[in-house]
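Shown next, in structure tokens, is the structure this report addresses.
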Amino acid sequence: MNQPESLLTVGEIARRLGQEVHRIEYVIRSRNIRPVGWAGHARVFRDADLDRIGSELRRIAEDRGELPIGEENIS
């Protein structure tokens, strides 16, 4: 049996990617990523949106010459 797809809030996306909420909000706005729905006042996104947001954050970091996501604390 297939697992139902996760519905993620902006806060949950930020937590999973280890990023600040304002960075997630920036990518959502600038890349015109639309929520699949609403849970009360919170927008919800699919797992595929999580992957897209993560790849956009990596691309932004590479363009700026920064370390990729998750490598900030590597010694």
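The values are calculated or read from the model by the stated rules, or taken from the named source; none is laboratory data. Since the structure is predicted, the reported quantities are computational estimates derived from the model, not experimental observations. All Cβ positions, glycine included, derive from the backbone under ideal geometry; neighbour counts span all protein chains shown.
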Residues being at pLDDT 95 or above, part of a loop (DSSP other than H, G, I, E, B) and hydroxyl-bearing (Ser, Thr, Tyr): count how many of those fall in the stretch 1-43.
1
Looking at this structure, is residue 27 of a type in the set (Val, Ile, Thr), within 22 Å of residue 61 (Cα to Cα) and either free of Cβ contacts under 8 Å to residues at least 24 places away in the same chain or surrounded by fewer than 16 Cβ atoms within 10 Å (Cβ to Cβ) (or both)?
no
